[in-house]
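The values are calculated or read from the model by the stated rules, or taken from the named source; none is laboratory data. Note that the structure is predicted; figures quoted are calculated from it, not measured. Cβ coordinates were reconstructed from backbone atoms using ideal geometry, including for glycine residues, and neighbour counts include every protein chain displayed.
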Amino acid sequence: MVKNKFSRKIVDSQSRGVKTIAFVHHKGGTGKTTSCLNSAGWLTRMKKKVLVVDLDPQGNATAGLGVDRKTLDATIYDVFFGKHNIEEVILETDSGIYLAPSSIDLLAAETHMAGQANNARILKISLASIEEFFDYILIDAPPGSTLLMINGIAAAENIIIPLDTGVFAYETMDTLKTLAVDLNQELGVEVNVMMLLLREYSTSFLDRGLTREIKKLAKRFLTENLTSDVRIFTIPFSRKIYKAQMRGRPISHYAPYSDVGFIYRRIAKEIIAYSG
Ligand SMILES: Nc1ncnc2c1ncn2[C@@H]1O[C@H](COP(=O)(O)OP(=O)(O)OP(=O)(O)O)[C@@H](O)[C@H]1O
Ligand SMILES: [Mg+2]
């Protein structure tokens, strides 16, 4: 259910100095949407005004905030196609998080954007008009290395990378190199990694050992390749994540004091600390 349409009247603007962060990984299912929504939930509970931008045609962030896409008359698709300004598509959801919802039509956006000039910065340009209303804009990027994903990265000052810990560690390091180093050079877009999130694959002892091993490799990689101060968090495997998503609520509003709720609270606090 959706509470309100965004309105300049109900959201006070106090020159908030917005911080824009994209959750990025070209591989599917690494935890981008889960981490985006749960960080957004805690930031909202910490009295921050948060906008989630759902850039994924799958619409998982939209559904994860309890919004039924069938009821929407305007989505982020209309922003990419120049039919609406972003403020005309933003909704306030039940948990108090604001949402620029996605639509399956976004699948067509790639073809549409391909011929446009400056097509990596369509989102960045559209966000400029509403930045003053938010403390944080969190972008849920789609999997794949698409123009939509690049728009997400180009609009963000920082990226958070949820990493797979279920594959061989060297593949994980390859991903990190692509996202943290190669994209910077190849896209001409500055990519600043703020945080890595390693999700445990199960509660089993063996899987936890693998996650710890990957954490060590990631730390070494960061020391050797990046100068920035990148935080690494391990996210426990928890069925509560699934249950919260089924109810269209972030963990901060469903099971805030669970193990996984507590970790996402630390992540939100770290995002605030990082933003200064
Ligand atoms: N900590 C966790 N414990 C258990 N399950 C989790 C956890 N985090 C995420 N999941 C589950 O893993 C699956 C993938 O997560 P999510 O949708 O966040 O990944 P994604 O990177 O956004 O995927 P996509 O690339 O398809 O957009 C989901 O079913 C989600 O419920
Ligand atoms: Mg997703």
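Table for the structure above
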quantity	calculated
Per-region count, the range 257-276, residues part of a loop (DSSP other than H, G, I, E, B) and of a type in the set (Ser, Thr, Tyr)	2
Matching residues in the range 207-244 - criterion: being closer than 30 Å to Glu190 by Cβ and in contact (Cβ under 8 Å) with a residue 60 or more places away in the chain	Ile235
Subset of the range 21-71 that is polar (S, T, N, Q) and buried (at least 21 other Cβ atoms within 10 Å of the Cβ) - its residue that is farthest from ligand 1 (Cβ to nearest atom)	Thr44
Residue in the range 245-256 that is free of Cβ contacts under 8 Å to residues at least 40 places away in the same chain, in a loop (DSSP other than H, G, I, E, B) and under 18 Å from Asp94 (Cβ atoms) present	yes
Any hit, the range 65-74, residues being under 20 Å from Ile159 (Cβ atoms) and touching a strand residue (DSSP E or B) at 6+ places or on another chain (Cβ under 7 Å)	no
Any hit, the range 87-101, residues being assigned to a helix (DSSP H, G or I) and within 16 Å of ligand 1 (Cβ to nearest atom)	no
In the range 96-121, the residues that are touching a helix residue (DSSP H, G or I) at 6+ places or on another chain (Cβ under 6 Å) and at pLDDT below 95	Ser103, Asp105, Leu106, Ala109, Glu110, Met113, Asn119, Ala120, Arg121
Residue match in the range 235-243 (condition: in a loop (DSSP other than H, G, I, E, B), of a type in the set (S, T, N, Q), surrounded by fewer than 20 Cβ atoms within 10 Å (Cβ to Cβ) and at pLDDT 85 or above)	yes
Odd one out for Ile137 among (1) more than 12 Å from ligand 1 (Cβ to nearest atom); (2) of a type in the set (Val, Ile, Thr); (3) surrounded by fewer than 23 Cβ atoms within 10 Å (Cβ to Cβ)	(3)
Top-ranked residue of the range 51-75 - restricted to ones that are more than 14 Å from ligand 2 (Cβ to nearest atom), outside any strand (DSSP E or B) and aliphatic (A, V, I, L, M), ranked as nearest to Ala114 (Cα to Cα)	Ala74
Any hit, the range 233-247, residues being away from ligand 2 (no atom under 16 Å from the Cβ) and more than 30 Å from Lys49 (Cβ to Cβ)	yes
In the range 30-50, the residues that are within 14 Å of the chain's Cα centre (by Cα) and either within 16 Å of ligand 2 (Cβ to nearest atom) or over 16 Å from Ile160 (Cβ atoms) (or both)	Thr30, Gly31, Lys32, Thr33, Thr34, Ser35, Cys36, Leu37, Asn38, Ser39, Ala40, Gly41
